[in-house]
Every structure is written in structure tokens, then in C-alpha cells.
Amino acid sequence: MSPERCACIHCDLPLTIGELRGGQRAFCPRCGSLISSCTRDALQRALAFAAAAIVLLILSNAFPFLSLKAKGLESVMTIPATAVELHRDGYTTLAVLVLGVIVAIPAAILAVVLALVVPLLRRQKVPWLVPAGRLLFQLSPWSMVEVFVIGVIVSLVKIHHMATVVIGLSFWSYVGFSLCFAATLASLDRLQVWREIEACRT
């Protein structure tokens, strides 16, 4: 495979990256940022993590996330119900943003991963490889899965002395989903994915 021209996303230094073998990484000689990383069986790993993430995301939306008990009153929260309550309280924009960044956009990213990885593994020359590759790396920064999990944990620390908090199955499912989701994206190096797309198209 011929060397490929690219630029460091941090300092814009033009670089020429040759073919990397499994386990090898390329760093920017100016700022030291990671340019590309080649992982053995990266596509297979991405597919496995994506499939697990989809199952866990479905479970996360099907069961109670948290329940709060205080002064004889109990409130049970689910992820979809949270967005509904925000809408009823007049915070429609916030409801859309919350549901979008923690459910809709991650689900869309996983769908794109499946649409991209499966043909690449099968070496199928399908017309949506390039659009799917572009969409994947455009959507990835908009996902706030990890931020949501950290925010929930911080909130639990602050309110545990005010009410009895019961963590539901959905909470643990979403934590597992966030780990699988992060592992999916970590398995897909931008440069290596585009090289796989080009190899599949030729």
C-alpha cells in the first residue's frame, strides 16, 4: 500500500503515513499527537462491541433507570420518561437534546458502524461505504454518552443524603453500553478505516 498524505489534527503538520502493521502507531513528530493506530482484527472487534452496545442500549430504555424514595414518596425514572417529563414541563428543546445525545445519536452511530463494518469484512463493494465513513466520523463528536454517565454519578453523590436512591437495571445496562460504545469507536481508527474502504472499492 502506498504512503498516504494527511495532516495532524492538532498542529496541522503535513505528514506521510506508510502502512502500519498490527500494534503499530504513528505519532506527530512536532506535537506528539497520535495520528493513526493499527489494531489487529479491528473491524471484528468493532462489530462485536457494536452488537453488544445495541443490546445494552435497548435494555437501558426498557427498564427503570433510577428510583428515588423520600418522605413516603417514590419516583421511578426511565430514560424515555425523563425526556417526556422535560417536554411536559416546557423544556422541549432540552428534552430533544438529552434524548438526542444519549440515545438517538449513539444509536445512529452504531447503525452506521454496522452498515460500514459488515461490508468491509465481507469485502462487498457497496455504494454507501464512503458516505457511511464520512457520517461516522462527523457524528462521533456529538455523542455525550460518557458525559451523561459521569453526570449521573455526580448527581447521585449529591442527592444520596436527601433521598433513598435505588439504582435500576437500566443504569447498569447504560454503563455497560457506554463502555461497549467507547470500545467500538476506539476500534475504528480514522486513517485505517479509510484505507479499508479504498481497498474494498478497488
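Inspect segment 81-98 for any residue being surrounded by 16 or more Cβ atoms within 10 Å (Cβ to Cβ) and within 15 Å of I58 (Cβ to Cβ) and give the result as yes or no.
No.
Looking at (1) in contact (Cβ under 8 Å) with a residue 12 or more places away in the chain; (2) surrounded by fewer than 13 Cβ atoms within 10 Å (Cβ to Cβ); (3) within 30 Å of T39 (Cα to Cα), can you tell me which one T164 breaks?
(3)
Being basic (K, R) and at pLDDT below 90, is that true of even one residue in segment 42-53?
no
Restricting to strands (runs of 3 or more DSSP E) lying wholly in segment 6-59: which have 2 or more residues that are in the same structural domain as E146 (by TED's automatic domain parsing), touching a His at 6+ places or on another chain (Cβ under 7 Å) and surrounded by 12 or more Cβ atoms within 10 Å (Cβ to Cβ)?
Where strands (runs of 3 or more DSSP E) fall fully within segment 6-59, none carries at least 2 residues being in the same structural domain as E146 (by TED's automatic domain parsing), touching a His at 6+ places or on another chain (Cβ under 7 Å) and surrounded by 12 or more Cβ atoms within 10 Å (Cβ to Cβ).
For the structure I just gave you, tell me whether A115 is under 19 Å from the mean Cα position of the chain (by Cα), without any contact (Cβ under 8 Å) to a residue 40 or more places away in the chain and farther than 27 Å from A83 by Cβ.
No.
Out of all the residues in segment 126-168, which are under 19 Å from L191 (Cα atoms) and outside any helix (DSSP H, G or I)?
W128
Does K69 qualify as being under 30 Å from I197 (Cβ atoms), among the charged types (D, E, K, R) and either over 16 Å from the mean Cα position of the chain (by Cα) or part of a helix (DSSP H, G or I) (or both)?
Against the criterion (under 30 Å from I197 (Cβ atoms), among the charged types (D, E, K, R) and either over 16 Å from the mean Cα position of the chain (by Cα) or part of a helix (DSSP H, G or I) (or both)), K69 does not qualify.
Is it fair to say V118 is more than 20 Å from I58 (Cα to Cα), surrounded by fewer than 16 Cβ atoms within 10 Å (Cβ to Cβ) and at pLDDT 90 or above?
Considered against the rule, which asks whether it is more than 20 Å from I58 (Cα to Cα), surrounded by fewer than 16 Cβ atoms within 10 Å (Cβ to Cβ) and at pLDDT 90 or above, V118 comes out as yes.
Since S67 meets every condition but one in (1) surrounded by 15 or more Cβ atoms within 10 Å (Cβ to Cβ); (2) within 21 Å of V117 (Cβ to Cβ); (3) of a type outside the set (F, W, Y); (4) in the same structural domain as T184 (by TED's automatic domain parsing), which condition does it not meet?
(2)
The values are calculated or read from the model by the stated rules, or taken from the named source; none is laboratory data. Given the structure is predicted, the values throughout are model-derived calculations rather than measurements. Every residue, glycine among them, receives a Cβ derived from its backbone with ideal geometry; neighbour counts consider all protein chains shown.
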